[in-house]
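What follows is one structure encoded as structure tokens, with my remarks underneath.
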Amino acid sequence: MKTLLIATIFAVAQVLSFSEAVNQEWETFKLEYNKTYKNDIEDRFRMKIFMDNKHKIDKHNENYEMKKVSYKQKMNKYGDMLYHELVKTFECCNNSELGFGIPPPCSLYFAVANVNLTNIDWRRYGAVTPVKDQGSCAACWAFSADNKGVDTEVSYPYEARNDECRYNPAYKGASDNGFVCIPQGDEQKLKAAVAIIGPVSIAVDALHRSFFFYSEGIYYEPKCSSYYSNHAVLVVGYGTDENGQDYWLVKNSWGVSWGIGGYIKMARNQQNNCAIASFASYPIVGFRG
């Protein structure tokens with residue numbers, strides 16, 4: 001009887017200790033990402049989502065340690081959101097808008113078949129602006145490409161809200177005189193364009209739970225489509241890691257706390273995983289002199 005009582009007390013102590021640890025993690029998360037909720041009911045609801053996401057992240061990272069997957073995940077500011085909330089917030093484009101299989105109105109098509117350059121990172125040459133955060137506004141396309149003309153950032157900074165465009169040609173920093181498309185699905189031509197021209201705008205299939213919590217490593221998602229796209233990003237380089245895995249270096253617009261300082265390494269030469277080369281183009285730019 002005494003042994004049973006001791007065992008019961010020990011079990012209760014463990015439960016209380018676990019509960020305290022969970023509450024501490026939750027409070028730390030809210031503090032780190034400045035999270036507030038309208039009442040205790042919502043707080044408990046969001047905490048449950050947070051714990052579920054954390055469990056999935058931990059499970060994924062166990063598989064990473066066993067080399068079953070090629071990338072890690074981490075908790076971030078999206079940890080208290082349901083999957084459908086994330087999709088609703090960040091989906092900015094889809095195939096009906098991008099027109100897969102339908103020739104886009106390109107000025108030209110990129111024709112160089114391949115290059116011998118094994119890696120490139122345009123950040124090293126000052127060709128990439130700092131990572132920004134689109135917030136809860138589905139404006140990923142605005143960070144990937146601009147249309148016809150764009151004001152300087154000083155005269156018209158990003159505001160993360162829906163409004164009428166107040167573009168003023170007097171403050172135009174550059175004009176778009178057309179754009180060059182990469183043949184759909186051709187990763188070799190995309191590689192050549194990135195090597196020769198510079199950063200290239202693309203649209204990828206990113207609305208997977210795994211993408212939202214990406215941390216490091218080379219992102220390969222078996223559930224990804226090779227033709228469906230829903231999120232605009234920017235390829236700023238490519239390379240091969242120490243394990244011989246090819247990757248694309250991609251700039252996102254979810255802030256520097258996401259991924260590798262705002263970037264993600266996505267699988268290259270893996271049958272166009274996540275439609276990485278399905279909607280790629282770069283502008284023919286005229287700068288204001």
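The values are calculated or read from the model by the stated rules, or taken from the named source; none is laboratory data. If you're wondering where the values come from, they're calculated on a predicted model, not measured in any experiment. Glycine also receives a Cβ, built like all others from the backbone with ideal geometry; neighbour counts cover every protein chain displayed.
Observations, loosely collected:
- Matching residues, the range 245-265, being part of a strand (DSSP E or B) and either surrounded by 21 or more Cβ atoms within 10 Å (Cβ to Cβ) or of a type in the set (A, V, I, L, M) (or both): TYR247, TRP248, LEU249, VAL250, LYS251, TRP254, ILE260, TYR263, ILE264, LYS265
- Where a residue in the range 116-127 is at positive phi and its partner, wherever it lies, is surrounded by 13 or more Cβ atoms within 10 Å (Cβ to Cβ), with Cβ under 6 Å and at least six apart: none
- Members of the range 74-87 found to be assigned to a helix (DSSP H, G or I) and either of a type in the set (A, V, I, L, M, F, W, C) or surrounded by 16 or more Cβ atoms within 10 Å (Cβ to Cβ) (or both), listed by number: LEU86, VAL87
- Residue in the range 61-73 that is buried (at least 16 other Cβ atoms within 10 Å of the Cβ), at pLDDT 95 or above, over 14 Å from TYR219 (Cα atoms) and in contact with a Lys or Arg (Cβ under 8 Å, 6 or more places away or on another chain) present: no
- Of the residues making up the range 79-86, none is within 28 Å of PHE279 (Cβ to Cβ), modelled with pLDDT under 75 and acidic (Asp, Glu).
- Residue list for the range 181-195, filter: modelled with pLDDT under 95 and closer than 17 Å to LEU234 by Cβ: CYS181, ILE182
- Restricted to the range 26-73, and to residues there that are hydroxyl-bearing (Ser, Thr, Tyr) and in a helix (DSSP H, G or I), the residue that is nearest to GLY259 (Cα to Cα) is TYR64.
- All told, GLU242 falls short of being surrounded by fewer than 24 Cβ atoms within 10 Å (Cβ to Cβ), assigned to a strand (DSSP E or B) and not small (Gly, Ala, Ser).
- Residue match in the range 202-218 (condition: under 20 Å from ASN114 (Cβ atoms) and surrounded by fewer than 21 Cβ atoms within 10 Å (Cβ to Cβ)): no
- Filtered residues of the range 28-45 (kept if under 28 Å from LYS72 (Cβ atoms) and over 23 Å from the mean Cα position of the chain (by Cα)): THR28, LEU31, PHE45
Results for (1) more than 24 Å from ARG123 (Cα to Cα); (2) surrounded by fewer than 20 Cβ atoms within 10 Å (Cβ to Cβ); (3) modelled with pLDDT under 95; (4) among the small types (Gly, Ala, Ser), shown as yes or no for each residue.
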site: GLU153; (1), (2), (3), (4): no, yes, yes, no
site: ASN162; (1), (2), (3), (4): yes, yes, yes, no
site: ASN168; (1), (2), (3), (4): yes, yes, yes, no
site: PRO199; (1), (2), (3), (4): no, no, no, no
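- Matching residues in the range 173-216 - criterion: being in a strand (DSSP E or B) and of a type in the set (Gly, Ala, Ser): GLY173, ALA174, SER175, GLY178, SER201, ALA203, SER215
- Filter result for SER229 (buried (at least 18 other Cβ atoms within 10 Å of the Cβ), modelled with pLDDT under 95 and either under 15 Å from PHE279 (Cβ atoms) or of a type outside the set (A, V, I, L, M, F, W, C) (or both)): yes
- Per the conditions (1) in a strand (DSSP E or B); (2) under 26 Å from LYS68 (Cα atoms), the sole criterion not satisfied by ALA232 is (2).
- Test: residue in the range 253-264 that is over 20 Å from the mean Cα position of the chain (by Cα) and under 20 Å from TYR125 (Cβ atoms): no
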